[in-house]
Amino acid sequence: MDIFFAFNKDDIPTFEVSKMNITCKVFLTSLIVFTVFNLFRLYFVECYYDLKEAEEDSFDLNTIFLRPKYSEVFNTWNSCFAENLLGVEDPEKFWQLFEGVSQKCDSWAHVEKLGIVHLKKYERVKSVIFPKVAPFRFNLESNNLFSIGIGRDVQFEKSFKRVRYPRLQHKKKCLKQKMQKIGHDVQFYGVDPNFHEKEKLYSQLGDFFPARIGMNPRISDNMILMKDGKTQKTNVIYLDIIYYFKQLVKVKRVDHLWFDGDGGEFDDGFFDIFYRNGRFEENKIEICQINMEIHRNPDTSERMIKFMHFVKRLIEEKRFGIFCGDHFVNNRMFMFNFQSQYCLKKFLNGP
């Protein structure tokens, strides 16, 4: 025998109905507020990031007054890297160990004393050291930043130099230029073969070059994102990196190089430019700070071998420090030139 139970709304006490109505209203109100907030944040995303980072300006800009004992930091870091990585012979193991060793050695050497500032976006980070200010010496030189390979946006570059967001120019509190707060101007240069997408994006900051940087100048087929959002194989010009710096932009001192190469840039001889007596040094090009991202590609095994040899040689030459190692699919790192007197004086209060 089936038993059915029937309820009438009149059977539910009035105070229970009222309580449920209030709960529903609170929930719906919270949901609407949450949705509106996120839509607003997405619409004004660049301003949102800038406001968020503006809260950190005070701490970041205080780093310009640091007088770090950089030799002590560098030597401690170098000893740590040598002890943990020089004996590793397996390229894949080296690739996997890199992040953990980097974090360990950063902590051991107290690299934060150098005044490294981290520009963050989601899980990605770019690291920079701002020019230092010493008593009776104000370094008001201009600065340059080269983006070799441009991401989906230029939020990192805008974080470095606070650029006014077009929709909110009247909101003076919204976007202030961090570098200009300490009396510095920045010249931006971007290079990327995806000119349909990236030229308009980067031209609001500085000069854009529709090409790919490499060691061997040539024209080669590459998959390029077109205006309709589809990728298409097309001819891409590869510029020799020395020609680019010396002949096109006529720059011999590079303050910041952000290198995000997906593969084609890492052809034969790329890493050699950073070595002692390498192509940069031979052509009297000084480079101070490098953010480098090395992607996992189909040729990852070969790239792992090159990466291992590259890091080991830098350790042995004691010219560059490698900090802030990060392994989120790709290997990322921040490098600083401890051999250049120009770099030491400008960014670490060297002699």
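For first residues located in the range 98-116 and within 11 Å of Cys80 (Cα to Cα), partners that are surrounded by 17 or more Cβ atoms within 10 Å (Cβ to Cβ) and of a type in the set (Gly, Ala, Ser) and lie 6+ apart or on another chain with Cβ distances below 6 Å form the pairs Ser102/Gly325. Under the condition of being modelled with pLDDT of 85 or more, closer than 17 Å to Glu281 by Cα and in a loop (DSSP other than H, G, I, E, B), the residues counted in the range 213-250 number 1.
Selection over the range 242-257 of residues that are open to solvent by less than 100 Å² (accessible area, probe 1.4 Å) and without any contact (Cβ under 8 Å) to a residue 60 or more places away in the chain gives a count of 6.
Could you count how many residues in the range 87-97 are open to solvent by less than 90 Å² (accessible area, probe 1.4 Å), touching a helix residue (DSSP H, G or I) at 6+ places or on another chain (Cβ under 7 Å) and not aliphatic (A, V, I, L, M)? Residues that pass the stated criteria total 3. Restricting attention to the range 273-317, the residues being open to solvent by 60 Å² or more (accessible area, probe 1.4 Å), under 19 Å from Trp77 (Cβ atoms) and under 23 Å from the mean Cα position of the chain (by Cα) number 0.
Can you name every residue in the range 80-98 that is farther than 12 Å from Val311 by Cβ and not in a loop (DSSP other than H, G, I, E, B)?
Cys80, Glu83, Glu92, Lys93, Gln96
Quick check, is Met335 modelled with pLDDT under 95, open to solvent by less than 10 Å² (accessible area, probe 1.4 Å) and part of a strand (DSSP E or B)? Taking the combined requirement at face value, the residue does not satisfy it. Right, Lys132: among the charged types (D, E, K, R) and modelled with pLDDT of 80 or more or not? For Lys132, the condition - among the charged types (D, E, K, R) and modelled with pLDDT of 80 or more - is not met.
The values are calculated or read from the model by the stated rules, or taken from the named source; none is laboratory data. Keep in mind that this is a model prediction, so the values were computed, not measured. Cβ coordinates were reconstructed from backbone atoms using ideal geometry, including for glycine residues, and neighbour counts include every protein chain displayed. Surface areas here come from the heavy atoms of the whole protein model, side chains and all, with no ligands, DNA or RNA. Shrake-Rupley method; radii C 1.70, N 1.55, O 1.52, S 1.80 Å.
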